[in-house]
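The values are calculated or read from the model by the stated rules, or taken from the named source; none is laboratory data. Computed from a prediction, not measured in an experiment: that's the story for all the values here. Positions of Cβ are generated from backbone atoms using ideal geometry, with glycine treated the same way; all protein chains shown enter the neighbour counts. We work out accessible area using only protein heavy atoms, side chains counted, and drop any ligands, DNA or RNA first. Shrake-Rupley method; radii C 1.70, N 1.55, O 1.52, S 1.80 Å.
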Amino acid sequence: MKRISTFIMVLACTFASAQTIDDVVRYSTENIQGTARFQAMGGAFGALGGDLSSLNVNPAGSAVFNYSEVGITGSNHHSNNDVLYGGTLRNTKDNALELNQIGGVFVFKSTDSPWKKLSLAFNYDMVQNFDNEFFAAGSSTSGIDNYFLNFAQGQPLGPLRVQQGEYIEDAYLDIGANLGYAAQQAFLGFQAGLIEPDVDDDANTGYFSNAEYSSLNQSYLRTTSGYNSKFTLNVATQYEENLYLGATVNFHNVLYDRVTYFDETGYNQASPVQSTSFDNFLHTEGYGFSFSLGAIAKLNESVRVGGSYQSPTWYRLTDDTSQRINSTLAVEDINFINFGIVNLYDEYKIRTPEKYTGSLAIVFGQDGLISFDYGYQDMSKAELGPTSDPNFAAENDFISTELGAVNSFKLGGEYRIERVSLRAGYRFEESPYENTDFVGDLNGFSAGIGYDFGGSRLDLAYSRSEQDVNTYLFDSGIDNAALVNRINTNISLGYTMKF
């Protein structure tokens, strides 16, 4: 009966969390999602407006609409990852269908006031899709035993033992709740037989590895899913003929799941350990808030300029984790530590940096347009919180030195042939890291076509982005990394209707 109730008992267990710079980067990044027209033009809408997803760039854009409108967009998201690890190249692909935009704008016009127009808009955008998968396999001279040794050194042996009458899963949860993450990982390595104490004494704090090897065969599968979505409420107005002003409040919702499967073989024939598997599951969910302000000005009939300020996003997130491990030396009950045994972390905070965008557009009457956006965001200002936590303070110091300013450029164009619109776009975004060996610059291009039926419009878009990412298999203790060439493509179909 006690083992049945273990999962319920864990709901009361919390312990110091191990959020890192990776979490900050993950939730500070927004991809080009949104309407098909927005995607086709590379998201370069800061001085244009007139598109529901343009509110993500400049909230004054809703005042450009001449009619009330509703729209919806669906996408097929495809990821293609070429992974180089241990001298071996592997390819992994993944597909996901999603509803990535739905919204509407209501336009109220005035004929007897210099304030010509008032627009009220709402819009849902999936600003980041986390659906992805990659597989790495190759040889390495650094084994998973180093991960556990890193956490074990300095930990007393006594708490790493299962006490008489205690279940192993209860001991695992109790150590995590009371002694912290490092002791819990040391417990796993000890119970799996990967590490042994220097002295068989409860006061011992030194450990050595049971694994003997010169080169190992390792395989690693990481699957992620979820999203970062944004629900926007917007108000904007047009003053006289040439000035548009707007503001939005944004409500963010985060759901992120990550599962990793690690297997290791190839130990020396005399090694007490001959095989090891170590799997991890992370579930993150939470919410956030941000706001933005913006303006668009018509300098003449052809030239428009825009500027916007996007506030920091204040996230409140919670994590829960599960683990499982096995090896040829593991204790008999090791399988009772599995994905059904859940560790809950305390709620934590992430504050992403504010962002500034400047925009220029040239409109060629009814024939077409060209639009350019420049964005600036200083990622070194990102923070984990609460900042009173010394662990977060240390990580924030690391963030301030490892992350830097991100400059982004977006260029989009549209050419109209009667009812048909042809579109193309390009975007470039610098790496958020000072050292681009960790994460490279992002390059993307897009194209699309639209057909105007008069009272409605159908749009089709194709977008592609490419970025090199040096992905560490584990957050600490072992520096094995896979070089991932990440290519994401979206094929999106959107429909809008005026009323």
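If you take the Cα centroid of the range 211-234 and the Cα centroid of the range 450-499, the two points sit 17 Å apart.
Computed 3J(HN,Hα) for the range 359-371, one whole-Hz value per residue from the Karplus formula 6.51 cos²θ - 1.76 cosθ + 1.60 where θ = phi - 60°, is 9, 9, 9, 10, 10, 9, x, 8, 7, x, 6, 10, 9, glycine and proline marked x. About the centre of its Cα atoms, the chain shows a dipole size close to 2400 debye [charges on the beta carbon of Lys, Arg (+1) and Asp, Glu (-1) only; nearest 20 debye]. Note on residue 249 and residue 464: the model spin-label points, each 7 Å out from Cα along the C-beta direction, lie 4.2 nm apart.
Tell me the per residue accessible area of the range 143-262 using a 1.4 Å probe; a whole number in Å² is fine.
Details: 4590 Å² over 120 residues.
Computed with neighbouring chains in place, this is 38 Å² per residue.
Summarising the label geometry, the points placed 7 Å from Cα in the beta-carbon direction at residue 261 and residue 435 lie 3.2 nm from one another. Relative contact order of the range 340-499, taken over Cα pairs closer than 8 Å and 6 or more residues apart, is 14 percent.
Across the range 386-427, the residues whose backbone nitrogen lies under 18 Å from the label position 7 Å along the beta-carbon direction of residue 445 are 409-415, 422-427. Take the Cα of residue 472, go 7 Å toward its beta carbon, and the backbone nitrogen atoms of the range 61-89 under 19 Å from that spot belong to 84-86.
Residues of the range 341-444: accessible area per residue at 1.4 Å, in Å²? Before the final figure, lay out each step's value.
Values: 4970 Å² over 104 residues.
Roughly 48 Å² per residue, with all protein chains present.
Our coupling estimate for the range 246-260, obtained by passing each phi through the Karplus curve with A = 6.51, B = -1.76, C = 1.60 and θ = phi - 60°, is x, 8, 9, 10, 10, 10, 9, 9, 10, 9, 9, 10, 9, 10, 10 Hz, Gly and Pro reported as x. What are the lysines whose alpha-carbon lies under 18 Å from the alpha-carbon of residue 410, with same-chain residues fewer than 8 places away excluded? Cα-Cα hits under 18 Å: 355. With q set to 0.12 Å⁻¹, the log10 of I(q)/I(0) for the range 320-381, from the Debye formula over equal scatterers at the Cα positions, is -0.65.
Tell me the GluC sites (Glu not before Pro) within the range 372-424 that lie in a loop according to DSSP and have at most 11 other beta-carbon atoms within 10 Å.
Working: sites: 383, 395, 402, 414, 418; in loops: 418.
Sites meeting the loop and neighbour criteria: 418.
On the chain, 56 percent of the accessible area sits on carbon and sulfur atoms, based on a 1.4 Å probe. Applying D = kT/(6 pi eta Rh) to the range 345-474, where Rh is the Kirkwood radius over alpha-carbon pairs, T corresponds to 4 °C and eta to 1.567 mPa s, the Stokes-Einstein value obtained is 73 µm²/s. Near residue 135, once Lys and Arg are set to +1 and Asp and Glu to -1 for all other residues with Cβ below 10 Å from its Cβ, the sum equals +1. Each Cα pair under 8 Å and six or more residues apart adds its separation to the average, and for the chain the resulting relative contact order is 19 percent.
Name the aspartates and glutamates eligible as straight-distance cross-link partners of residue 116: C-alpha to C-alpha under 16 Å, and not fewer than 8 places from it in the same chain. In chain and number order, the partners are 240, 241. Averaging 1/r over every pair of different alpha carbons in the range 136-237 and inverting the result gives a Kirkwood radius of 16.3 Å. Give me the tail of P(r) for the range 199-327 as a percent: Cα-Cα pairs with distance above 21 Å. Counting every Cα pair in the range 199-327, those more than 21 Å apart make up 68 percent. If you look at the Cα atoms of the chain, you get an Rg and a Dmax of 26.3, 91 Å. Cα convex hull, the range 23-113: 135 Å³ per residue, rounded to a whole number.
At an R0 of 56 angstrom, the distance between the Cβ atoms of residue 108 and residue 338 translates into a FRET efficiency of 0.45. A simple spin-label model places pseudo-atoms 7 Å from Cα toward Cβ; at residue 275 and residue 215 they are separated by 2.2 nm. In summary, the lysines within cross-link reach of residue 109, defined as a Cα separation below 17 angstrom excluding same-chain residues under 8 places away, comprise 117, 498.
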